[in-house]
Amino acid sequence: MATSDEMPVWESVPCAYCQGTGRDRWELLSPLSLCSACGGRGSQLVQAPYRTCAHCAGDGAHPHLRVTCTTCHGLGVVYVAADAVPCGRCGGRGVDPQSEIDLACLLCGGSGWLAPTQELRPLENPTGS
C-alpha cells in the first residue's frame, strides 16, 4: 500500500471487454460502435498492483451476460493491495456462493481479495430464519 509520500503507480492495460480493439465486442448497434468500457481507446489505466478480476476471470464481461463486469467495469483486472488475502466467503472466486446467477461476492465485491484487516462477518439473514 502506498504511503502518503508515495504517488500511486498507474499502468496501461489492454481493455478486456473489447480485447483491445476499441470496438463494441458484439457489434450490437453497429460494427463501428465504440467499446463501452474503454470508450474506443483499446486500453485503460489501472492502479498497480492489480490482479485478474475474479468475478469475470479477466474477460471483462459479466458472467452469462453481454454487459461489462460489475466488478472491474470491463478492464479484466482490479486494484488489489499488495498485502491482500483471498476472500474467505467466496474462496477467491469473486462470486457469491449463494447466488444462482453468479452475482459478485458481497464481502469482497467480486475482486476475490480482502485487506488483511477486513474480517469475515456472517451476513444477516433478512428472513430471520
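Each value in this text was obtained by applying a stated rule to the coordinates, not by laboratory testing. As the structure is a computational prediction, the values presented were derived from the model and not from experiment. Here the Cβ positions follow ideal geometry from the backbone for every residue, glycine too, while neighbour counts run over all protein chains shown.
Pop a pseudo-label 7 angstrom from the Cα along the beta-carbon direction at both Glu11 and Leu29 and give the gap in nm to one decimal.
The answer from the label model is 3.2 nm.
Would you list the P(r) distribution for segment 11-84, with all Cα-Cα distances sorted into 5 Å bins from 0 and each bin expressed as a whole %?
4, 20, 28, 24, 14, 6, 3, 1, 0
Among (i) 119; (ii) 145; (iii) 132, find the value of volume of the Cα convex hull per residue in Å³ that was calculated from the structure presented, and write down its label.
Comparing each candidate, only (i) matches the computed number.
For segment 34-43, just list the computed ³J(HN,Hα) in residue order, Karplus coefficients 6.51, -1.76 and 1.60, θ = phi - 60°, integers in Hz, with x standing in for Gly and Pro.
For segment 34-43, the Karplus curve yields 7, 5, 6, 7, 10, x, x, 6, x, 8 Hz.
Give the long-range amide H neighbours of Leu34: residues separated by 5 or more places, or on another chain, with amide H under 5 Å away, using H modelled in the peptide plane at 1.01 Å from N.
Long-range HN contacts for Leu34: Asp24.
Roughly how many debye, to the nearest 20, is the charge dipole of segment 9-129 about its Cα centre, given +1 on each Lys and Arg Cβ, -1 on each Asp and Glu Cβ, and no other charges?
That gives a dipole near 220 debye.
Show the residues, 5+ positions off or on another chain, whose built amide H is closer than 5 Å to the amide H of Gln44.
Long-range HN contacts for Gln44: Val13, Cys15.
When only C-alpha pairs under 8 Å and at least 6 residues apart count, what is the relative contact order of the chain, in percent?
Relative CO of the chain lands at 20 percent.
Tell me which chymotrypsin sites (Phe, Trp or Tyr not before Pro) from segment 1-91 have a DSSP coil assignment and no more than 12 other beta carbons within 10 Å of their own.
For chymotrypsin sites (Phe, Trp or Tyr not before Pro) across segment 1-91 that sit outside H, G, I, E and B with at most 12 neighbouring Cβ atoms in 10 Å, the list reads Trp26.
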